[in-house]
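Okay, so here's the structure we're looking at.
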Amino acid sequence: MSPPPSAAATRQVLRTVWTHPANRGARARALARTLRFQGRARLLGRPTVVSYGRRSRFLARLDDAPSRRAAYAATPDHPEMTVWRARLRPGDLFVDVGASVGLYTVMAAELGCEVVAVEPQRRSREQLRANLGLNGYLAQVLDVALAAEAGMAAMVGPDASRAHLTSASGGGAEPVQVTTLDAVLGDRRAQGVKIDVEGAERLVLAGAPRALAEGRIELLQLEWNHQSERNFGESRAPLAELLHAAGYELTRPDGEGRLHRIDDLGPGADVFARPVDRR
């Protein structure tokens, strides 16, 4: 049995669920789902299958931050996922780099996409496969990390969802095989690529010079927070320069999933990069 959360933590969770844009029109139902999830997890120590997306299911675990978000809202990243729902069609190729437990992989599979999920962390990968199996979805799941060059590297972090590439050895670092986004794509065109790799987004795209030069990535979603500075000592400016040189402009979605061009490169919500001549 897990200890009960503090009053402040409980209030924060309930506030998050109540105000989440995905729960508009169904806030009471969302609160009830959250309370069932928390109660089952704390009393029985078991994960809970929750409704996800429009017709999918997801295995939510109390000890796993990404999957907890599925218990709180059926589209956890509502503006970003609304962007993809408007653009992805059955048969499109969607590459989920840093797939974690599968929030975006399951979303894209639900939409009928061909999905490649890249996730080097074993525990996250096992949960991802369980979530695919729960829905009868198929996806190619790769046990690798992506970077500028293929080879071997190491990953370190406080848990599976926050692990990142490192050049250091020891200190709990785990070896991982590395390949490139160009190698994953081959000659294929991707309608969408989502990259959430704890600050190593530039390294991933540095490994896709051919795909970028040939315009074979229609839309990119990129984590754009402080992790690049914390984990790699660089701002987001080099990543922005790489994308601008490849002919992409940077945008952020509003609450309805409409993309708006941005010029401020400071940390914030996820950024979408789209080719300037294919808006």
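Couple of notes before you dig in:
- Selection count where residues are on the phi > 0 side of the Ramachandran plot and surrounded by 17 or more Cβ atoms within 10 Å (Cβ to Cβ), scope the stretch 186-235: 2
- Within the stretch 147-164, being modelled with pLDDT of 90 or more and out of contact with any Ser or Thr (no Cβ under 6 Å at 6 or more places or on another chain) holds for A147, A148, E149, G151, M152.
- Within the stretch 76-118, tally of residues that are open to solvent by less than 10 Å² (accessible area, probe 1.4 Å) and of a type in the set (D, E, K, R): 1
- Screening the stretch 220-271 for residues that are of a type in the set (D, E) and not in a helix (DSSP H, G or I) and picking the one that is farthest from R85 (Cα to Cα) gives E234.
- Looking across the stretch 236-279 at every residue that is surrounded by 12 or more Cβ atoms within 10 Å (Cβ to Cβ) and free of Cβ contacts under 8 Å to residues at least 12 places away in the same chain, the one that is farthest from G192 (Cα to Cα) is identified as E241.
- Conditions (1) of a type in the set (K, R); (2) more than 23 Å from G112 (Cα to Cα); (3) at pLDDT 95 or above; number of the one not met by R55: (2)
- The listed residues are A154, A148, A183, and the only one of them that is outside any loop (DSSP other than H, G, I, E, B), of a type in the set (A, V, I, L, M, F, W, C), open to solvent by 30 Å² or more (accessible area, probe 1.4 Å) and over 25 Å from V83 (Cα atoms) turns out to be A183.
- Residue in the stretch 96-116 that is modelled with pLDDT of 95 or more, in a loop (DSSP other than H, G, I, E, B) and acidic (D, E) present: no
- Breaking point among (1) within 24 Å of V276 (Cβ to Cβ); (2) among the aliphatic types (A, V, I, L, M); (3) part of a loop (DSSP other than H, G, I, E, B), for A211: (3)
- Qualifying residue in the stretch 56-69 (condition: within 19 Å of the chain's Cα centre (by Cα), among the aliphatic types (A, V, I, L, M) and part of a helix (DSSP H, G or I)): yes
The values are calculated or read from the model by the stated rules, or taken from the named source; none is laboratory data. Owing to the predicted nature of the structure, the values given are computational and were not obtained by experimental measurement. Positions of Cβ are generated from backbone atoms using ideal geometry, with glycine treated the same way; all protein chains shown enter the neighbour counts. Quick note on the areas: whole protein, heavy atoms, side chains included, nothing else; ligands and nucleic acids left out. Shrake-Rupley method; radii C 1.70, N 1.55, O 1.52, S 1.80 Å.
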